[in-house]
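Enquirer: Pasting a structure here, questions to come.
The values are calculated or read from the model by the stated rules, or taken from the named source; none is laboratory data. Predicted model, so just to flag it, every value in this text is computed and none were measured. All Cβ positions, glycine included, derive from the backbone under ideal geometry; neighbour counts span all protein chains shown. Accessible surface is based on the protein model in full, side chains and every heavy atom, while ligands, DNA and RNA are left aside. Shrake-Rupley method; radii C 1.70, N 1.55, O 1.52, S 1.80 Å.
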Amino acid sequence: MALKINKCDILIIGGGPAGLEAAYHAAKAAPGLKISIVEENFLLGGQLIKQTHSFFGSKNQFAGKRGFEIAELLMDRVRKNPDIDIHLQTSALGCYEGGIVACESMAEGCLKEFQPGRTIVAAGARENMAPFPGNDLPGVFGAGAAQTLMNVYGVLPGRKVVMLGAGNIGLIVSYQLMQAGAEVLAIIEGLPMIGGYHVHAAKIRRMGVPILASHTVVRATGKSTLEEVEVAPIDKNWKIAGESTVFQADTLCLAVGLTPGTELLEQSGCRMAFVKELGGHVAWHNDRMETSRPEILVAGDVSGIEEASTAMLEGKIAGLAAAEGLSGLDLSDEISRAQQELAGIRKGPYGEKACLGKDKLCKLSVR
Amino acid sequence: MRIDKHPVLHFEKGRKVQFYFDGRPMTGHEGEAVTAALHANGVMVLSHSLKRRHPRGLFCAIGKCASCMMRVDGQDNVRTCILPLREGMRIETQEGKGRLK
Ligand SMILES: Cc1cc2nc3c(=O)[nH]c(=O)nc-3n(C[C@H](O)[C@H](O)[C@H](O)COP(=O)(O)OP(=O)(O)OC[C@H]3O[C@@H](n4cnc5c(N)ncnc54)[C@H](O)[C@@H]3O)c2cc1C
């Protein structure tokens, strides 16, 4: 495979909201720095492009607009900046000595080597699996995957759906499945209560979809694709506590949380820590999004599972911190304004978990 | 199944193109994910697990889980969920671990 060497000052891995904002703000604060984004998908925008509902939150993070519209705005301002170049269909494979990052370009069929002064890892997260027999049958999807199929490509994942998980993602994706024309038979939740916003849950209930709390999926069956989903009540120790119900369904969506995609960070020798509130293992980082390796920064879901508006702000902070380090400019005022804004967003009831997680991280030492 | 009417979204699709799945001609839209085109044609089984040969389908749709790896124009282990469809593409289910070319 041919090898191409690419020169840049800041390399950003991942073109979701965190990566796009990192690029935009770094380029804006320190004109002349050369910034590259590598994104393994053929589309920019990460998870935001499949979100069709209006966002809550602050005006600076575009509250009131729909997710895919926000993604368009972020992409547009990055594309317009001549200091930023974008490599689509390009996967970062590993970080090596001297800050070298090796990437594979699927589009060009070659290896690309970057030697940036700073690397910002904004690689997002992946959806969790749930343990039950038959969880690998075609027709069992991550809820986000079902959302990608229907909202990005206009293809309905199936006609009759069972959703596992009544957090925000489970509730929102259920609603969107019905908007797209599918029937949602039930939402199954292991905990005794609903985890997501009550406005979402109320909307779902009004549409006649039962939300079965203290229940779980026992097994999924079907010859070559999903045909039946068996569901049973459970007690607080997650032991089966009653008779099963069987749903005839061609689709089962799993909305049981996300795990940060930290492989590159772990591989590059960043100090890692397990923080439950952030979704699992994350790279240690400070409030400027700097990791234990001076040339590597993080932003967005890869640094702890949260939401799009916090990913954007973390991206901004990481972009500014990287630009400051390389340009010698003093960007501390701008950085602290973004930090305050981020703290403001996390003050809401759903920011509690992230606050707790990020605090735990700060209390750990760098080494 | 393609979604015809949607209350919020309008789908801008590429031109219609022909491609092949295990030798069978199918149509899809240029530039959509290969897995989306396959799904719209009713193809749910994309691969098989290595040991027990369980059928596997689309699971993550963002290039992270490996259950959509297929042979594309002779190349093994292509993540078809993050591959844009092109005219004439030959998509095949791949047996085993595949070969390095
Ligand atoms: C189903 C679902 C519904 C959601 N709903 C909401 C919501 O309603 N409101 C809200 O605020 N948030 C929501 N979120 C969360 C929000 O989408 C994420 O928090 C946000 O997108 C995180 O941004 P990010 O940039 O960190 O990661 P992502 O958006 O995941 O972007 C990461 C990008 O990195 C790329 N990448 C990964 N690895 C590599 C690599 N090795 N090389 C190159 N590129 C790579 C990926 O392809 C991806 O494009 C939802 C998330 C999901 C999964």
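Enquirer: Report, to one decimal in Å, the Kirkwood hydrodynamic radius for region A:143-184 based on all distinct Cα pairs.
Expert: 10.0 Å
Enquirer: Summarise the partner chain shielding of B:46-59 as one whole number: the mean count of Cβ atoms from other chains within 10 Å of each residue's Cβ.
Expert: Going residue by residue through B:46-59 and averaging, the value is 4.
Enquirer: Averaging over every viewing direction, what projected area does the convex hull of the Cα atoms of region A:1-133 cover, in nm²? Mind dumping the intermediate values first?
Expert: Numbers: hull surface 42.9 nm².
So the mean shadow area of the Cα hull is 10.7 nm².
Enquirer: Also: Please list, or write none, the lysines whose alpha carbon is within less than 20 Å of the alpha carbon of A:Lys223, excluding same-chain residues fewer than 8 places away.
Expert: A:Lys160, B:Lys51
Enquirer: Now for a different question. Relative to the longest principal Cα axis of chain A, at what angle does helix A:67-79 sit, 0 to 90 degrees, rounded to 10?
Expert: The helix A:67-79 is inclined about 20 degrees to chain A.
Enquirer: Run down the aspartates and glutamates and flag those whose C-alpha is under 19 Å from the C-alpha of A:Lys203, throwing out any fewer than 8 positions away in its chain.
Expert: Within the straight-line limit of under 19 Å, A:Lys203 reaches these aspartates and glutamates: A:Glu183, A:Glu189.
Enquirer: To continue, here is another question. Taking B:Lys16 as the anchor, which lysines have their alpha carbon closer than 20 Å to its alpha carbon, excluding any fewer than eight residues away along the same chain?
Expert: Qualifying lysines at Cα under 20 Å: B:Lys5.
Enquirer: Compute for chains B and A the buried accessible surface, both sides summed, probe 1.4 Å, and express it in Å² to the nearest 100.
Expert: It comes to approximately 3100 Å² buried between B and A.
Enquirer: Hey, another quick one. Could you tell me the center-to-center distance, by alpha carbons, between region A:23-57 and region A:224-271 in angstrom?
Expert: Result: 30 Å between the Cα centres.
Enquirer: Still on this structure: Checking the table A:Lys4/B:Lys64; A:Lys80/B:Lys64; A:Lys276/A:Lys358 against a 18 Å threshold on Cα-Cα, which pairs fail? Show your work: numbers first, answer last.
Expert: Details: A:Lys4/B:Lys64 25 Å; A:Lys80/B:Lys64 29 Å; A:Lys276/A:Lys358 11 Å.
In this structure, A:Lys4/B:Lys64; A:Lys80/B:Lys64 exceed 18 Å between Cα atoms.
Enquirer: Okay, next question. Given a cut-off of under 8 Å on Cα pairs at least six residues apart, what relative contact order in percent is computed for chain A?
Expert: 19 percent
Enquirer: Could you tell me which residue out of A:Ile317, B:His48, A:Leu265 lies farthest along the dipole of the protein assembly as shown toward its positive end? Charges go on the beta carbon: Lys and Arg +1, Asp and Glu -1, centred on the Cα centre.
Expert: Farthest along the dipole direction, towards plus: B:His48.
Enquirer: Here is a follow-up. Using a 1.4 Å probe on the heavy atoms of the protein chains only, list every residue of region A:136-167 that has 30 Å² or more less accessible area in the complete assembly than in its chain alone.
Expert: Correct list: A:Asp136, A:Pro138, A:Phe141, A:Ala145, A:Leu149, A:Asn151, A:Tyr153, A:Gly154, A:Val155, A:Leu156, A:Arg159.
Enquirer: How many percent of the accessible area of region B:16-92 is carbon or sulfur, using a 1.4 Å probe?
Expert: Carbon and sulfur: 46 percent of the exposed surface of region B:16-92.
Enquirer: Further question on the same structure: What is the sum of charges around A:Pro116, taking Lys and Arg as +1, Asp and Glu as -1, for the other residues whose C-beta is under 10 Å from the C-beta of A:Pro116?
Expert: +1
Enquirer: How big is the antiparallel share of DSSP beta bridges in the protein assembly as shown, given as a percent to the nearest 5?
Expert: 55 percent
Enquirer: If you wrap a convex hull around the alpha carbons of region B:16-92, what volume per residue comes out, as a whole number of Å³? List each step's numbers first, then the result.
Expert: Numbers: hull volume 6.1 nm³, N = 77.
It is 80 Å³ per residue.
Enquirer: Which net charge results for the neighbourhood of B:Thr27, defined as the other residues with beta-carbon distances under 15 angstrom from its beta-carbon, given Lys and Arg at +1 and Asp and Glu at -1? Write out the running numbers ahead of the final one.
Expert: Details: positive: B:Arg2, B:Lys13, B:Arg15, B:Lys16, B:Arg24, B:Arg86, B:Arg90; negative: B:Glu30, B:Glu32, B:Glu87.
Within the 15 Å Cβ shell, the charges total +4.
Enquirer: Right, next: Cα-Cα pairs above 16 Å in region A:135-254: how many percent?
Expert: 57 percent
Enquirer: Net charge within 15 Å of B:Glu95 by Cβ-Cβ distance, Lys/Arg positive one each and Asp/Glu negative one each, not counting B:Glu95 itself?
Expert: Net local charge, B:Glu95 excluded: +4.
Enquirer: What's the center-to-center distance, using Cα atoms, between region B:11-60 and region A:329-367 in Å?
Expert: 42 Å
Enquirer: Divide, for the protein assembly as shown, the radius of gyration over alpha carbons by 2.2 N^0.38 Å, where N is the residue count. Write down the numbers at each step before the final one.
Expert: Values: Rg = 22.0 Å, N = 468, 2.2 N^0.38 = 22.8 Å.
So the Cα radius of gyration is 0.97 times the expected 2.2 N^0.38 Å.
Enquirer: Taking a probe of 1.4 angstrom, what is the accessible area of A:Ile49 in Å², to the nearest 10?
Expert: 40 Å²
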